[in-house]
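Asks: One structure coming up, written as structure tokens, with questions to follow.
The values are calculated or read from the model by the stated rules, or taken from the named source; none is laboratory data. Just so we're clear, the structure is a prediction, and the values are computed from it rather than from any experiment. Here Cβ is always computed from backbone atoms with ideal geometry, including for glycine, and neighbour counts include all displayed protein chains.
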Amino acid sequence: MSEELLINVSPMESRVAVLNNGVASEVYIERHNKLGLVGNIYLGTVVRVLPGMQAAFVDIGQSRTAFLHVNDMRRPSRATPPSIENNTAPVRHITKHEPSVLTSMPVDRCEHIAENPSTESKTDTNANDSSQQNTTADSGSDSQAQNLGLNNQQTNQDAPHRAVSNSPSNNMSEQGLGEKQSAMTDEADNLEHSLRDNRASEATTDDASPDIVGNAITQADSKPQPNKERQVIDPPRHELIQYRLQEGQKILVQVTKDQLGTKGARLTTNISLPSRYLVYLPSSEHIGISQRIDNEEERLRLKTELSELMQTVNLTGGLIARTAAERVPVVKLEEDIYYLVQLWRTIQARKDVSATSSQPAVLIYQELSLPLRSIRDLVHPDTEKVIVDHEGMYNEVRQFAKEFVPFIHPRIIAYTGEQPLFDVHRVEEDLRDALKRRVDLKSGGYLIIDQTEAMTTIDVNTGSFVGGRSLEDTVYKTNLEATHAIARQLRLRNLGGIIILDFIDMLEQEHKDDVLESLQHQLSQDYAKTKITQVSELGLVEMTRKRTRESLEQQLCEPCHTCGGKGFIKTAETVCFEIFREIMRCARTYNSPKKFTVVAHASVIDLLLTTEADTVADLEYLLGRVITFEVENLYTQEQYDIVLD
């Protein structure tokens, strides 16, 4: 499979498209006036702690306070005060059929990439290779850190000012009060959406148990069973969020999910610093290997070499070998480690300097721009070429690649054609089609994709495809073709969370297995973590896909001002009947009017003067008053006014 990377840069935005065999499979867009937050590290201020939800809202200088759950915090030190150690955790007796919420304490991010899935949970290892994750390039010097968005000494002085540029005020007391009020107003929505995302994230883990996964899991038996008491031990007191955070406290956090709609960003205190080949986890002591490296000898080599390198440089913390580290010589790994150590020291130094600042939020570290991030995260040895249509960015990308990804340096090409780069490769056309509900298949079938607040649904239909031998064969071929289109649309539209696939019902189990296997194979190329269930009796497939940024629709569109995002409006006939009822209501309430004037959209007025003319005449006779009409083209079809004369 041939792969190309297209980089389009304009004064307003940067766009990157990934082409597989000449067809766009992924598109990343970054507006220059609205840069993504994922990967950024802030020294934020806690504005509200919610013990009942084991969560907190943190001010990081954005329009909405960010959300921090207890499971996304560093594991507290085991050396606890005697007053706490002596307190025995209370034991509650509950019946087995009674739903219960078990909250286990957070698992370090490195432990989510365990080599042994039977003893540790595996969450989102592949996301470390995704462009949506917190990523940065490798280097071994302070000057290289400057190329990665650190801006060195100048940033030390200017970062506090830039980090709060979107804040209404730099006054700490006013800002804190405003954010508290905002958090109280929006906390219900934030908590509901965040907990829903928790459930979706939990579904992406492989065979994770409640004792392993560090998220709140609701367990309830589907069938009633005899009452059977069992013990549930509450978490120790020092692990509860109300004893770990206080309002006004400053805390170092990293953004793991961008602001999505009305939801604030998602945070973690488990800082991760990725480079080209490695991810450094300062708060962990684990060495993990990407799941996509399946060669056992290579996994053992990487683990052994990383252990030796950590002892050599006296590095505390954990490391994860990314997929790009496969068959990479130890010299390159050592360079990455030295760079990550220097980067972490820089972050620590900035944190210490900013700790005395009166500002509620300070940007400590900012992620790379989209073009450089794509070079670091998306290219691999099979990438044939990278085409850049902006001269300044072309030089910057080449310099970055020469220093950090040398194998791709000779494959970077400058585009100088008159026709726009994305038009030449039909990416613009694919973007327009990606915003439509309907996706046509080559056979004549089609998909209907609907994105809602809770989930995304994809319906498969045969359309004009009549097939050949039998109905079962027609359905089977349509579903197989749909798996290719579904996998591409998920990546192209960046659909995440819970996704329901409504395949056409198949009778033969062999066909169901083939369709599921085809879907899994197509999704194996996806950078985002996915998990698929079996085909249900209704032909439905439930799946989850890791979501860290807005979907294409959310990024490029806004709700319709006419329908309010519903997707439909009242018919002209319905509005006419509403007008009749309103006139009757006004006639009973006000006795003085001698005439009613109806101001409405042209389509409604036309219907009143034609089809409903007899009804209007009857109403005039009944009320003994004249009814006149006036067209207002600025009104929508649902809007109208009744003027009393």
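Asks: Within region 429-452, track down each residue that is surrounded by fewer than 17 Cβ atoms within 10 Å (Cβ to Cβ) and touching a residue at least 60 places away in the same chain (Cβ under 8 Å).
Replies: Our first condition is that a residue be surrounded by fewer than 17 Cβ atoms within 10 Å (Cβ to Cβ); within region 429-452, this holds for 429, 432-433, 435-438, 440, 442, 444, 448, 450, 452.
Across region 429-452, the qualifying residue is only Leu435.
Listed here are the residues, each with its yes/no results for (1) touching a helix residue (DSSP H, G or I) at 6+ places or on another chain (Cβ under 7 Å); (2) at pLDDT 95 or above; (3) surrounded by fewer than 18 Cβ atoms within 10 Å (Cβ to Cβ).
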position: Gly564; (1), (2), (3): no, no, yes
position: Ile583; (1), (2), (3): yes, no, no
position: Ala587; (1), (2), (3): yes, no, yes
position: Thr597; (1), (2), (3): no, no, yes
position: Glu612; (1), (2), (3): yes, no, no
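Asks: Mind telling me which of the residues Glu612, Glu630 ends up being without any contact (Cβ under 8 Å) to a residue 60 or more places away in the chain, touching a Cys at 6+ places or on another chain (Cβ under 7 Å) and not hydrophobic (A, V, I, L, M, F, W, C)?
Replies: Glu612
Asks: Here is a further query. Out of the residues in region 614-645 that are of a type in the set (Ser, Thr, Tyr) and not in a helix (DSSP H, G or I), which is surrounded by the fewest Cβ atoms within 10 Å (Cβ to Cβ)?
Replies: Thr628
Asks: Next up: Which ranges mark the helices (runs of 4 or more DSSP H) fully within region 332-434 that have 3 or more residues being touching a strand residue (DSSP E or B) at 6+ places or on another chain (Cβ under 8 Å)?
Replies: Because the criterion is at least 3 residues that are touching a strand residue (DSSP E or B) at 6+ places or on another chain (Cβ under 8 Å), the helices (runs of 4 or more DSSP H) in region 332-434 that meet it are 370-377, 391-404, 427-434.
Asks: Please list, ordered by residue number, the strands (runs of 3 or more DSSP E) wholly in region 1-120 having 1 or more residues that are at pLDDT below 75.
Replies: Where strands (runs of 3 or more DSSP E) fall fully within region 1-120 and carry at least 1 residues being at pLDDT below 75, they are 91-95, 100-102.
Asks: Being in contact with a Gly (Cβ under 8 Å, 6 or more places away or on another chain), touching a residue at least 60 places away in the same chain (Cβ under 8 Å) and not small (Gly, Ala, Ser), is that true of even one residue in region 525-544? Spell out how you get there, then give the answer.
Replies: Applying the first criterion (in contact with a Gly (Cβ under 8 Å, 6 or more places away or on another chain)) to region 525-544 yields 528, 544.
Next, only the ones that are touching a residue at least 60 places away in the same chain (Cβ under 8 Å) stay: 528, 544.
With the extra rule that they be not small (Gly, Ala, Ser), the set shrinks to 544.
Checked region 525-544: at least one residue is in contact with a Gly (Cβ under 8 Å, 6 or more places away or on another chain), touching a residue at least 60 places away in the same chain (Cβ under 8 Å) and not small (Gly, Ala, Ser).
Asks: Taking into account only those residues within region 589-613 that are polar (S, T, N, Q) and assigned to a helix (DSSP H, G or I), which is nearest to the chain's Cα centre (by Cα)?
Replies: Restricting to residues being polar (S, T, N, Q) and assigned to a helix (DSSP H, G or I), the top hit is Ser603.
Asks: Sticking with this structure for a sec: Among the residues of region 9-34, what is the count of those that are surrounded by 15 or more Cβ atoms within 10 Å (Cβ to Cβ) and either closer than 25 Å to Val255 by Cβ or hydroxyl-bearing (Ser, Thr, Tyr) (or both)?
Replies: Going residue by residue through region 9-34, those that are surrounded by 15 or more Cβ atoms within 10 Å (Cβ to Cβ) are 9, 14-20, 24-30.
Remaining after also requiring either closer than 25 Å to Val255 by Cβ or hydroxyl-bearing (Ser, Thr, Tyr) (or both): 9, 14-18, 25-30.
Selection size over region 9-34: 12.
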